[in-house]
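Please read the structure below before turning to the comments.
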Amino acid sequence: MEQLAVYLPGIILAYSAFLLSIMSPGPNILAILGTSMAVGRRSGTALALGVAGGSWCWALLTAAGLSALLASYAAALTVIKVVGGLYLLWLAYKSLRAAASRHDIEATRLVGGERSSSGYWLRGFIIQMTNPKAALAWIAVISLGLQPGAPLWVAFAIVVGTGLLSTVIHCFYALAFSTAPMVRLYGKARRWVQGLLGAFFAFAGVKLLTSRL
């Protein structure tokens, strides 16, 4: 119980950062929306599961890599937290700039024609795994919950929790936001959502940069 009290706040913060990061409609989410609207919910859900599969892989690779690095070089956490904190501040800037913009979100359909469900899953997985920003995003998220000397279950809890959140939220987008009225409804609340995201990312970034190392 003592260990849980020590590490639980960081784990919850990592969950919160990840959950809010996928509330902001990036290219992956816009592709899911566009596929669901243009092709159908089944194809959109397959694409969403592929993106979620990529999230699981990134979470596992990042957690394993950071855990191994910290086991050998505890001082590396300083560099990791600086990188993660700066990336969160960059996300805060982007979210606040998006909140100030009047442009609505635009769902996009994948090029190349229709595919089978497995084809959409594979495309979603590839999109997520080849995203150049994914590594920085996962470093930021996982470093919020990891501390020097943290037991293995902490990294496991972050991976499983964020993986489940990715699966549920991306599938929710495919199912609930597969119609034009739902996209318009989100568009009306977009600026408030982006503003709240910007405030949270700024808080998390500053917390990561100023936390005890």
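The values are calculated or read from the model by the stated rules, or taken from the named source; none is laboratory data. Keep in mind that this is a model prediction, so the values were computed, not measured. So basically every Cβ, Gly included, is an ideal-geometry build from the backbone, and we count neighbours across all protein chains shown.
Residue under question is THR162, and the condition is that it be among the hydroxyl-bearing types (Ser, Thr, Tyr), under 20 Å from the mean Cα position of the chain (by Cα) and modelled with pLDDT of 80 or more; does it hold? Yes; evaluated as a whole, the condition is true for this residue. Of the residues that sit in the range 32-47 and are in contact with a Ser or Thr (Cβ under 6 Å, 6 or more places away or on another chain) and modelled with pLDDT under 80, which one is farthest from SER95 (Cα to Cα)? Restricting to residues being in contact with a Ser or Thr (Cβ under 6 Å, 6 or more places away or on another chain) and modelled with pLDDT under 80, the top hit is MET37. For the range 32-60, a residue qualifies if it is over 20 Å from ILE142 (Cα atoms) and surrounded by fewer than 22 Cβ atoms within 10 Å (Cβ to Cβ), and the qualifying residues are GLY34, MET37, ALA38, VAL39, GLY40, ARG41, ARG42, LEU49. Looking at this structure, is ALA150 surrounded by 14 or more Cβ atoms within 10 Å (Cβ to Cβ) and in a helix (DSSP H, G or I)? Spelling it out, it is not the case that ALA150 is surrounded by 14 or more Cβ atoms within 10 Å (Cβ to Cβ) and in a helix (DSSP H, G or I). Residues in the range 117-138 that are within 11 Å of the chain's Cα centre (by Cα) and crowded, with 16+ Cβ neighbours inside 10 Å: GLN128, ALA134, LEU136, ALA137, TRP138.
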